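S.K.: Sharing a structure below in structure tokens format, with a few things to ask.
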Amino acid sequence: KLIEDIKKAVSDSENIAIRGQYADIFSRIPDEIEDELLDILKIVIDAERTNTDIFNKIRKILDWLMSSLHEYGLLDSPYSGTELSRCSKFLGKKELSEFVPVYISRSIHSCTEIANEGSHRLTIDDAVKSGKAPYLVYSTVYELLNILSWFHNLPKDEESKDRLYVIVANLVLNEKEK
């Protein structure tokens, strides 16, 4: 029992340290993705460059993000969990650049592609496991952190949100006309 208590205390102190190091992110994410983000950051902190489990965890956070972006008004339809690439493409539309800067749309696209490929054990999985892409895990995690930071800094004022709704509605109308 004492050994189990010591292991739990060590784990808890590690989690507290990570939450402190990334306080700007953890202060703004919901409990439902906190454990996933903790696991992701532990992989980076522990320098597990070949750990491909991270891609499923990133995918779960991206799923949460897309649902949240729909609630915010940035996506044209509710996120069902199966069209991550479509959402990524929509967020990259130039008409949305006032709300989604190019560095974020590219990070979303990159994280989406890498998480999808890695989750399905395709070429990225092999490249990471074999050491051919020794920094891909790190770069993807840092892109994800930038995305989460951006998300929580989206405008909250009604004027901005009204402008966003008009832009998204126009994009939807233009798509239907094509």
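S.K.: State the label only: which of [x] 1.03; [y] 0.98; [z] 1.00 corresponds to Rg/Rh (Cα atoms, Kirkwood Rh) computed from the shown model?
M.R.: Of the labelled values, this structure produces [x].
S.K.: Counting other Cβ atoms within 10 Å of each Cβ, which GluC sites (Glu not before Pro) in segment 84-142 have at most 13 and sit in a DSSP loop? Before the final figure, lay out each step's value.
M.R.: On the way: sites: Glu95, Glu98, Glu113, Glu117; in loops: Glu98.
Within segment 84-142, the qualifying GluC sites (Glu not before Pro) (loop, at most 13 other Cβ atoms within 10 Å) are Glu98.
S.K.: With 27 Å as the limit, write out which pairs from Lys8/Lys60; Lys7/Lys42; Lys60/Lys156; Lys1/Lys60; Lys42/Lys156 have Cα-Cα distances beyond it, or answer none. Display every interim value, and only then the final one.
M.R.: On the way: Lys8/Lys60 25 Å; Lys7/Lys42 16 Å; Lys60/Lys156 25 Å; Lys1/Lys60 34 Å; Lys42/Lys156 32 Å.
Violating the 27 Å limit, Cα to Cα: Lys1/Lys60; Lys42/Lys156.
S.K.: Name the most mobile residue of Ala127, Ala115, Ala17, meaning the one with the largest mean-square fluctuation, in a Gaussian network model of the chain with Cα contacts below 10 Å.
M.R.: Maximum fluctuation in the GNM of the chain, among the listed residues, is at Ala17.
S.K.: Hey, can you find the accessible area per residue of segment 88-174 for me, probe 1.4 Å, expressed in square angstrom? Intermediate results must be reported in sequence, preceding the final value.
M.R.: Values: 4550 Å² over 87 residues.
Per residue, segment 88-174 has an accessible area of 52 Å².
S.K.: Sticking with this structure for a sec: Give me the percent of accessible area attributable to carbon and sulfur for segment 110-178, probe 1.4 angstrom. Working shown, then result.
M.R.: On the way: 2130 of 3880 Å².
Roughly 55 percent, rounded to a whole number.
S.K.: Remind me, relative contact order of segment 23-178 in percent, using alpha carbon pairs under 8 angstrom and six or more residues apart? Don't jump to the answer; show the numbers that get you there.
M.R.: On the way: 150 pairs, mean separation 46.7, N = 156.
Relative contact order for segment 23-178 comes out at 30 percent.
S.K.: Tell me the mean residue ellipticity at 222 nm calculated for the chain from its helices only (DSSP H runs of n ≥ 4, each -39500 (n - 2.57), averaged over every residue, nearest 500).
M.R.: Working: 9 runs with 127 residues, N = 178.
-23000 deg cm²/dmol, from helical runs alone.
S.K.: By its C-alpha gyration tensor, with a ≥ b ≥ c as the square roots of the eigenvalues, how is segment 92-139 shaped: rounded for a/c under 1.5, else prolate for a/b larger than b/c, else oblate?
M.R.: prolate
S.K.: Right, here's the next one. Can you tell me the order of 43-52, 23-32 when each peptide is scored by its average per-residue count of other Cβ atoms within 10 angstrom, highest first?
M.R.: On the way: 43-52: 15.1, 23-32: 12.1.
In descending order of packing, they fall as 43-52, 23-32.
S.K.: Next up: Treat each spin label as a single point 7 Å out from the Cα along the C-beta direction, and report the Tyr165 to Glu14 distance in nm.
M.R.: Spacing of the two 7 Å Cα→Cβ label points: 4.7 nm.
S.K.: Can you give the accessible area of Lys7 in Å² (nearest 10), computed on protein heavy atoms with a 1.4 Å probe?
M.R.: Estimated to the nearest 10 Å², Lys7 gives 140 Å².
S.K.: Relative to the first principal axis of the alpha-carbon coordinates of the chain, what is the inclination of helix 2-21, with its axis defined by its Cα atoms, in degrees from 0 to 90 and to the nearest 10?
M.R.: 40
The values are calculated or read from the model by the stated rules, or taken from the named source; none is laboratory data. Since this is a predicted model, take the numbers as computed values, not measurements. So basically every Cβ, Gly included, is an ideal-geometry build from the backbone, and we count neighbours across all protein chains shown. Quick note on the areas: whole protein, heavy atoms, side chains included, nothing else; ligands and nucleic acids left out. Shrake-Rupley method; radii C 1.70, N 1.55, O 1.52, S 1.80 Å.
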